[in-house]
Every structure is written in C-alpha cells, then in structure tokens.
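Any read-out appearing in this document is the output of simple, stated calculations on the displayed coordinates, not a laboratory observation. Predicted, not measured: the structure shown is a model, and the values here were computed from it. All Cβ positions, glycine included, derive from the backbone under ideal geometry; neighbour counts span all protein chains shown.
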Amino acid sequence: MGTPQPPQPSDVTALLRAWARGDETALERLTPLVYDELRRLARRHLRRERSGQTLQATALVNEAYMRLVEVSGIDWQDRAHFLSVSSRIMRRVLIDAARSRAALKRAGGVERIPESELDRVPARGSDRAAELCALDDGLNALAHQDPRRAQSSSSDSSAV
C-alpha cells in the first residue's frame, strides 16, 4: 500500500473553488490538506515576534482559521493565493494581539490628559508603540464622528 501521497495543488485549488461557491463540505476536506502548511506559516510568523510572545502556532492557526471561514467573496486562484491570504490574516491576528497588550498597558494607571494639554510631548522612556496605537485608535474614532476634523488632526499629529 505504501505511504499516502501528498495532496496535489490541483486538489487544493478545486476544493478552494468549491468552498467559494458555498460547498461547506469542501472546507472540511480542505482543512486537513493545508493544516500542516498553515502551522509552518504560523511558526514563521511567531519566530519574527518579540520574545515572550504567548501565542502558540496552533492557537494562531485556529484564530486565523476562524477569521478565514468568515471571509466571503474571495475568488480563490490556487493554493498559493490561499496561503498568502492566510498569512495576511495571521499577521492581522498578531497585530490585534499586540494592540490588545498595549491597551492593557494603557489601562493600568495611565491618567487622562485634558484636551487643553493634548499637545504635550510624551515623557522619555514611555512605550512609544502603545502611544502610537492609542493615537491611531483615537484618530480612527474621531474619523467616525467628524472626518474633516480627523483629517486635520492626523496631519497635525505627524509632527509629533
């Protein structure tokens, strides 16, 4: 009988296209064919992260998979296209995790600055990444409320 043959790229492509057409069983058949490659992608992404990263490759694959199954309307070209989109989703998961960590840091004792003092320069030694995330979040929230004001604030903040 011998060892099982690895899936052919055409098999993966056919399953991707069937899934895009709404065939849920295609996704169930696709998952075991690409799972090992997704774990390799996840490990590669995690190696580039800072030390102390608590997310494991399996958890990253699972989170990316949950987001991937919610995506609709993608005209899957082939296996490489699928892996490329999966890689971008994994990167997004890691960015969201970093934002979450930064938000937890900000919530731990950072005082609110009155609007009249918003032009203050951040203190030396502060966590610049957390500050930039906070600035981005604030500008995004402002853009929803007042797009014109957000645009002018965004150009003003580039000088910081």
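What are the extents of the Cα atoms of the stretch 8-108 along their three principal axes, in Å, largest first?
49, 23, 19
Please report the net charge: other residues with Cβ closer than 15 Å to the Cβ of Ala57, K and R +1, D and E -1.
+3
Quick one: order Asp146, Asp11 by neighbouring beta-carbon count within 10 Å, fewest to most.
Working: Asp146 11, Asp11 14.
Taking fewest neighbouring Cβ atoms as first place, the list is Asp146, Asp11.
Label Val69 and Thr54 with points 7 Å out from Cα along Cα→Cβ: what is the distance between them in nm?
With each label point 7 Å from Cα toward Cβ, the separation is 2.5 nm.
Report the local net charge at Leu15: Lys and Arg +1, Asp and Glu -1, summed over other residues whose C-beta lies under 12 Å from its C-beta.
Values: positive: Arg17, Arg21, Arg29, Arg79; negative: Asp11, Asp23, Glu24, Glu28, Asp78.
Taking every Cβ under 12 Å from that of Leu15, the sum is -1.
Evaluate E = 1/(1 + (r/R0)^6) for Ala141 and His81, where r is the Cβ-Cβ distance and R0 equals 22 Å; express this FRET efficiency to the nearest 0.05. Provide the component values of the computation, followed by the final result.
Details: r = 34 Å, r/R0 = 1.54.
Given R0 = 22 Å and the Cβ-Cβ separation, E is 0.05.
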